[in-house]
Amino acid sequence: MIEIEGTGQSFTVPAELIAQGLKLAPEAVQPMLAGRQISTWVEAGVDADFGTFRLTFANDKRRLRVIVDALGSIVSHSTLDFGGHDLPPGARRP
C-alpha cells in the first residue's frame, strides 16, 4: 500500500506513485521535480469535498491527479495521457 504523508499544507508523495502515473522511471522523478520539468500543485476540497486534497503532477505529456483525505489515504487517482502530443495549457494548471 502506498502511503502519502501530509499536513494539509504540504504532502510527501512516493516517487513510485508519481513515476507510475507519469510513465517515468522512479529515479527520474526527483531530478525532474527539482528541474521543474514536473509541475505540482495542491487544491483543498471545499463544501462537500472539505477534508480532501487534490494533488496534481504534470509533465509535458501526462497529468496525474491523486485525491487524498486528511490522513493521506488515497481516495482516487487518475491519469490524463495525450500520447505523443503535449498537454494543452489548461491541463497543466488549475
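No value in this document is a laboratory result; all are computed from the given coordinates. Remember, predicted model here, so these are calculated numbers, not experimental data. Cβ placement follows ideal geometry from the backbone for every residue including glycine, while neighbour counts extend to all protein chains displayed.
Structure summary
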item	result
Distant-in-sequence amide H partners of THR52 (H built 1.01 Å from N, under 5 Å)	GLY45
Overall dimensions of the range 5-84 by Cα: Rg and Dmax, Å	12.6, 38
Förster-model FRET efficiency, 25 Å R0, ILE74 and GLN37, C-beta, rounded to 0.05	0.55
³J(HN,Hα) computed for each position of the range 65-76 - Karplus, 6.51 cos²θ - 1.76 cosθ + 1.60, integer Hz, glycine/proline x	10, 10, 9, 10, 8, 4, 8, x, 6, 6, 8, 6
Label-point separation, PHE11 to VAL46 (7 Å along Cα→Cβ), nm	1.9
Ranked packing of 48-56, 23-31, 61-69, most packed first, by mean Cβ within 10 Å	61-69, 48-56, 23-31
